[in-house]
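Each value in this text was obtained by applying a stated rule to the coordinates, not by laboratory testing. Remember, predicted model here, so these are calculated numbers, not experimental data. All Cβ positions, even for glycine, are placed from backbone atoms using ideal geometry, and neighbour counts span all protein chains on display.
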Amino acid sequence: MSLLILAGSSRKESLNGKFQKRIAEVAESDGRACYLYPAAELDAPIYNGDYEDENGVPSNIQKLATAISDATKIVIVTPEYNSSVPPLLKNAIDWTTRLEQNPWVGKNVLLAGASPGRMGAMRSMTHLMVVMAAIKSYVAPMFLSCPQASDETIANFDAEQIKGFLKQGD
Ligand SMILES: Cc1cc2nc3c(=O)[nH]c(=O)nc-3n(C[C@H](O)[C@H](O)[C@H](O)COP(=O)(O)O)c2cc1C
């Protein structure tokens, strides 16, 4: 049983990167083997059909697709930009669906997100849910939201809530 945890911000002090680590810490203490995917590895040229015709799918996206295929469950930790999914994450997902085999088909996907605002990336997760369902993954109904995110709120995020969230799709 392997849990792949993706985060959608490669910023050094990313709150979502910190939330990714907090989720992994609790998951590992609960006996789950985790793979924290480096967000910088999601970085790819903005999808363009001409680029694809000339260069194919970028090699880092092919590696990402392998990690998705190898995982039994995937947590996506998304920031929220203007109420939606940030381009780093959306673009990487779009690229993965250009491969001959869409790696998301039939995968259990759990959505988490952190933001300094009161909505805690809920609107981003709602949009991402629609995208992930469209590419044929199974999106778990319970989201893990960290509102008013800071180093403190993330470090103290309730472990039992994370464990309950992670049970989805077991
Ligand atoms: C272009 C842009 C749009 C944003 N829109 C929202 C928003 O709609 N809701 C929200 O809660 N935060 C919004 N934010 C603030 C982000 O939640 C905040 O920058 C957060 O720290 C980004 O995630 P990260 O720390 O993981 O990089 C926005 C930030 C940017 C740069």
Next on the checklist: For segment 34-75 and segment 110-170, what is the centre-to-centre distance using only Cα atoms, to the nearest Å?
Outcome noted: 21 Å
Item to check | Rotationally averaged projected area of segment 117-170 (alpha carbon convex hull; nm²) | outcome: 4.1 nm²
Checklist outcome for this item: What helix-only [θ] at 222 nm does the chain give? Using -39500 (n - 2.57) per DSSP H run of at least 4, over all residues, to the nearest 500, the answer is -12500 deg cm²/dmol
Item to check | Spin-label zone in segment 69-83 - amide nitrogen under 19 Å from a point set 7 Å from the Cα of I46 along the C-beta vector | outcome: 80-83
Checklist entry - For the chain, what is one quarter of the convex hull surface built on the Cα atoms, given in nm²? => result 9.0 nm²
